[in-house]
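Read-outs throughout are calculated quantities, based only on the coordinates presented, and are distinct from any laboratory measurement. Keep in mind the model is a prediction, meaning the values are calculated, not measured. As a convention, Cβ positions derive from the backbone with ideal geometry for all residues, glycine included, and neighbour counts pool all protein chains shown.
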Amino acid sequence: MKTQTDKKEQPKKDVVKAKSNAADGLTELFVDGLKDIYWAEKALTKALPKMMKNATSKELIKAIESHLKETEDQIEKVEQVFKIIGEKAVAKKCDAMDGLIKEGESILEETELGVVRDAGIIAASQKIEHYEIATYGTLRQFAETLGHKKAAQILESILEQEKAADVKLTVIAVDAINLEAAELDQENEN
């Protein structure tokens, strides 16, 4: 039985031509993903302090501060993964994280200091967490498929931290911030 990749077909319309240095195997795709998230985590260590300075909720500030420490630890863990697989730890600009950080900065500019900005910071932070969850889940699976069991375990530990951070942000939003922001809407209507 022939598979899709066995067939020699005419190039399809809108098929993107690969760069000359494009990944041609799962290992290369895995390493490229590690470089991407390595850059993303480093960029996040610069963005989180700005979010912390703009937050007003003590609980939110504490959560961001905690996540900053975790992010610094995650950078070291990603460096361990590079070492385990015999690659040099190199960062490659992550367009997705760059965009998410810029979106977070625009939320700061578009909201007044206070509970509404806090709600915006949580929204921006959760978008970042969801990106990281998707990325680490994929990288963990690549590591497992490629037989890098120790690397997969490290990536799984990071994935669990990202999931926990997302849950923490949800609790802060649902239990306080979003309700307080909604109360402002009601006050402004009256």
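Below are the figures for this structure:
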read-out	value
Full-extension gain in nm, residue 188 to residue 29, via 0.36 nm per residue minus C-alpha separation	52.1 nm
Computed magnitude of the charge dipole of the stretch 25-189 (debye, nearest 20; Cβ of K, R +1, Cβ of D, E -1)	940
In the stretch 65-147, the GluC sites (Glu not before Pro) that fall in loop regions by DSSP, at most 12 other Cβ within 10 Å	110, 112
Nearby lysines by direct alpha-carbon distance to residue 50 (threshold 25 angstrom, same-chain neighbours under 8 apart not counted)	35, 42, 58, 62, 69, 77, 92, 93, 102, 127, 163, 168
Candidates 95, 14, 175: whichever shows maximal mean-square fluctuation once the chain is modelled as a Gaussian network with Cα springs under 10 Å	14
Hypothetical label at residue 134: residues of the stretch 88-117 whose amide nitrogen lies under 19 Å (7 Å Cα-Cβ projection)	92-105
Selection from 47, 159, 173 lying farthest towards where the dipole of the chain points positive, charges on Cβ	159
Hits among aspartates and glutamates - C-alpha to C-alpha of residue 150 under 15 Å, sequence gap 8 or more where chains match	76, 79, 87
